[in-house]
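Written out below as structure tokens is the structure these notes cover.
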Amino acid sequence: MEWKREDNQRPISFVWEHDQKVQTVLDIGCGFGGFGAHLVSLNVMAICIAAYEATGSQVQLTLERGLPAMIGNFITRQLPFPTLSFLKWFIAQCGIVWDKKDWMLLLEVDRVLKPGGYFILTSSTSQPYGSSLSMKNSMLTPMEELTLKICWTLKAQQYETLIWQKTVVSDCYTSRKQGAIPLCNEGHDVRSYYKPLVSCISGTTNKRWTPIRNRSSSPHQLNSAELEIHGVQPDDFFEDLQIWRSALKNYWSLLTPLIFSDHPKRPGDEDPLPPFNMIRNVMDMSAHYGGLNAAFLEERKSVWVMNVVPVNALYTLPLILDLGFAGVLHDWCEPFPTYPRTYDLLHANGLLSHLSSERCSMMDLFLEMDRILRPEGWVVLCDKVGAIEMARMFATQIRWEARVIDLQNGSDQRLLVCQKPFVKK
């Protein structure tokens, strides 16, 4: 879908001017990636989701521009994101018919929307609300009636753009008795991995019900109280971050002479300007606390990271998304929802050992990695000696160049660095 929101910048600006703590945006329908590119200049991460197309025109083009995107929709199932924690700001511009399935699609928006977050609908089918901003119009449309029931407030409208804000008061749902939508059971919020859509309101009893304005003022950081809400001790979190600061410097010093050896301009301490920087789209396949992503930001590397939390690993995705990073829950026994040849660097720490207890084989994982990795792309795997040796065997079988590196820290951990050749012989 072509980007056509330049004429509606005023309502978009309304949200940005009133809530500058917004860090991540979910954009349903990537278009040409123009909206995501615009938000990058505002230090806001736009993660785009669009349905599969045989031409790959939306998600693939957005990824080619160096912006986060993945294939997906929520017509029949929930998005693979936690309740509340992913969205500070929700964007939609597509042909979704919201009143289908008893409005469950809009309830899915409410599920992933942060308290105080915004839902922005830009569509040629959006009907003007007339005087309904002041709620003086007694003839409400079905959309208006539902947004009232789920405690959304219409904050602005212009032409084909409407902006709602979700309530910050969880008691609002129970106070509206007439035609009230039921609340979901408490256990409903756990690990939303492509579960069926539901016709109830989620997250009202979740510990992470925190309005945007009450969040930490520092971008990509959480204070001690916010970390403890996620069940993470601050000392453990900052120790993990320090480990990744050191690891990234080692990775970069290791890869730099290999990546740039054929280029006339070798990089110094700072990244070279494009086209010399050849790593842009990075996937951390077992992200844990998102430490690698944080280290990339601190080092000002011009990359973005898709943080993937395996479905049976420690459930840290809410923490990663609350930090303002791109992230998704995924089962590595299944294909990742992206097009072939879309990532420059794949990284995984401990994933191989974790996969040994799963129903799929390590070869299945390597074939999937080969599918989503660009020609001349890189893979960095850190794991125990036995897992790394087996991984090197599989890497050789699919004709990757591979070498094992001893970390020389006295542990049984090894590093496997692989490169996918441009042409496999």
ask   = Quick one: SER353 ticks every box in (1) within 27 Å of LEU227 (Cβ to Cβ); (2) buried (at least 18 other Cβ atoms within 10 Å of the Cβ); (3) in contact (Cβ under 8 Å) with a residue 24 or more places away in the chain bar one, so which box is it?
value = (2)
key: Filter result for ALA294 (of a type in the set (A, V, I, L, M), part of a helix (DSSP H, G or I) and surrounded by fewer than 24 Cβ atoms within 10 Å (Cβ to Cβ))   = yes
key: Residue list for the range 22-32, filter: assigned to a loop (DSSP other than H, G, I, E, B) and closer than 20 Å to ASN307 by Cβ   = VAL22, GLN23, CYS30
request  = Could you tell me whether THR24 is in contact with a Lys or Arg (Cβ under 6 Å, 6 or more places away or on another chain), modelled with pLDDT of 65 or more, surrounded by 20 or more Cβ atoms within 10 Å (Cβ to Cβ) and not assigned by TED's automatic domain parsing to the domain that holds ALA326?
outcome  = yes
key: helices (runs of 4 or more DSSP H) within the range 340-425 that include 2 or more residues modelled with pLDDT of 95 or more and outside the structural domain of ILE71 (by TED's automatic domain parsing)   = 362-372, 385-397
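Here's the yes/no breakdown for (1) at pLDDT below 80; (2) not hydrophobic (A, V, I, L, M, F, W, C):
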site: GLN9; (1), (2): yes, yes
site: LEU42; (1), (2): yes, no
site: ILE49; (1), (2): no, no
site: ARG65; (1), (2): no, yes
site: PRO80; (1), (2): no, yes
site: MET104; (1), (2): no, no
site: PRO115; (1), (2): no, yes
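The values are calculated or read from the model by the stated rules, or taken from the named source; none is laboratory data. Just so it is clear, the structure is predicted and the values come from calculations on it, not from any experiment. Virtual Cβ from ideal backbone geometry, glycine too; neighbours counted across all protein chains shown.
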